[in-house]
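Asker: The following block contains the structure, expressed as structure tokens.
The values are calculated or read from the model by the stated rules, or taken from the named source; none is laboratory data. Keep in mind it's a predicted model, so treat the numbers as computed, not measured. Ideal geometry is used to build each Cβ from the backbone, glycine not excepted, and the neighbour counts take in all protein chains shown. The accessibility values were calculated without ligands, DNA or RNA, using every heavy atom of the protein model including side chains. Shrake-Rupley method; radii C 1.70, N 1.55, O 1.52, S 1.80 Å.
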Amino acid sequence: GLIGYPIFLVGTVLAMFNVVDVTHGAGMLALVPGGLFELFLPLWLFTRGFTSPQIEGSTMTIATLDHQSTRQAQVRSTARHGTDASSSVRKASITAGAGLLLMSVLSGIGYLVAVKGLTTPGNATRTAEKLAAHQDLFRFGIVSLFLVAALDVVVAWALYRVFTPVSEAISKLASGLR
């Protein structure tokens, strides 16, 4: 994210001044780091939500100092708040991961298939004909982009919740920029 989006920003500015075309050829390389980030972050969040250790109710083996006997102990959280926070972070991680993956699919369908697929640059008549012929597909594309915007709010909240234990200030900043 810290590498991908600055590269994307530079590529976008260069595209605005017709220095590079980010939709074809070498110009698309500006999209690769951000695209990889958008793919791996949700997968990491999703798996983190399912694989994070759960504190309460798990068992562990305790060995005595003389190493002669071991016994199973039930681990109980003394602070119930910590367990609830852990569970909340796990749920938020799954929510953020699933939301980001769903956003990727919906934005791909909405933009590439419905919007970009039905427009013909430089030919308004042909675009109008395509839109008239495929009204349901165009509507689905617009609805999917609205869903992406709504999911972005949910994902921003979930990411805030996931990263708050690390740094609340940076979590707020990241959520606001999302």
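Asker: If a residue has to be modelled with pLDDT of 80 or more, more than 27 Å from ALA96 (Cβ to Cβ) and assigned to a helix (DSSP H, G or I) to count, how many in the range 11-50 make the cut?
Answerer: 4
One line per residue, one yes/no per condition, for (1) surrounded by 13 or more Cβ atoms within 10 Å (Cβ to Cβ); (2) farther than 25 Å from GLU38 by Cα; (3) modelled with pLDDT of 90 or more; (4) touching a strand residue (DSSP E or B) at 6+ places or on another chain (Cβ under 8 Å):
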| position | (1), (2), (3), (4) |
| --- | --- |
| GLU129 | yes, yes, yes, no |
| GLN135 | no, yes, yes, no |
| VAL148 | yes, no, yes, no |
| VAL155 | yes, no, yes, no |
| TYR160 | yes, no, yes, no |
| PHE163 | yes, no, no, no |
| GLY176 | no, no, no, no |
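Asker: Ok, one more. Being surrounded by 15 or more Cβ atoms within 10 Å (Cβ to Cβ), farther than 15 Å from GLY49 by Cα, touching a helix residue (DSSP H, G or I) at 6+ places or on another chain (Cβ under 6 Å) and modelled with pLDDT of 90 or more is the requirement here; does LEU106 meet it?
Answerer: The answer is yes for LEU106.
Asker: Related question: Under 7 Å between Cβ atoms, at least 6 apart or on separate chains: pull out the pairs that start in the range 164-178 with a residue that is within 19 Å of ARG90 (Cβ to Cβ) and end on any residue that is surrounded by 11 or more Cβ atoms within 10 Å (Cβ to Cβ) and β-branched (Val, Ile, Thr).
Answerer: Going by the 7 Å Cβ cut-off, the qualifying pairs are PRO165/VAL89; SER171/THR164.
Asker: Same structure, new question: Does the range 137-146 hold any residues that are closer than 21 Å to PRO42 by Cβ, open to solvent by less than 80 Å² (accessible area, probe 1.4 Å) and not polar (S, T, N, Q), and which are they?
Answerer: If the condition is that a residue be closer than 21 Å to PRO42 by Cβ, open to solvent by less than 80 Å² (accessible area, probe 1.4 Å) and not polar (S, T, N, Q), then LEU145 is the only one that fits.
Asker: Just a yes or no: is a residue in the range 113-123 over 30 Å from THR47 (Cβ atoms), hydrophobic (A, V, I, L, M, F, W, C) and open to solvent by 50 Å² or more (accessible area, probe 1.4 Å)?
Answerer: No, there is no match, as no residue in the range 113-123 is over 30 Å from THR47 (Cβ atoms), hydrophobic (A, V, I, L, M, F, W, C) and open to solvent by 50 Å² or more (accessible area, probe 1.4 Å).
Asker: Filter the range 25-52 down to the residues that are more than 13 Å from SER93 (Cα to Cα) and among the aliphatic types (A, V, I, L, M), then identify the one that is surrounded by the most Cβ atoms within 10 Å (Cβ to Cβ).
Answerer: So the residue we want is ALA30.
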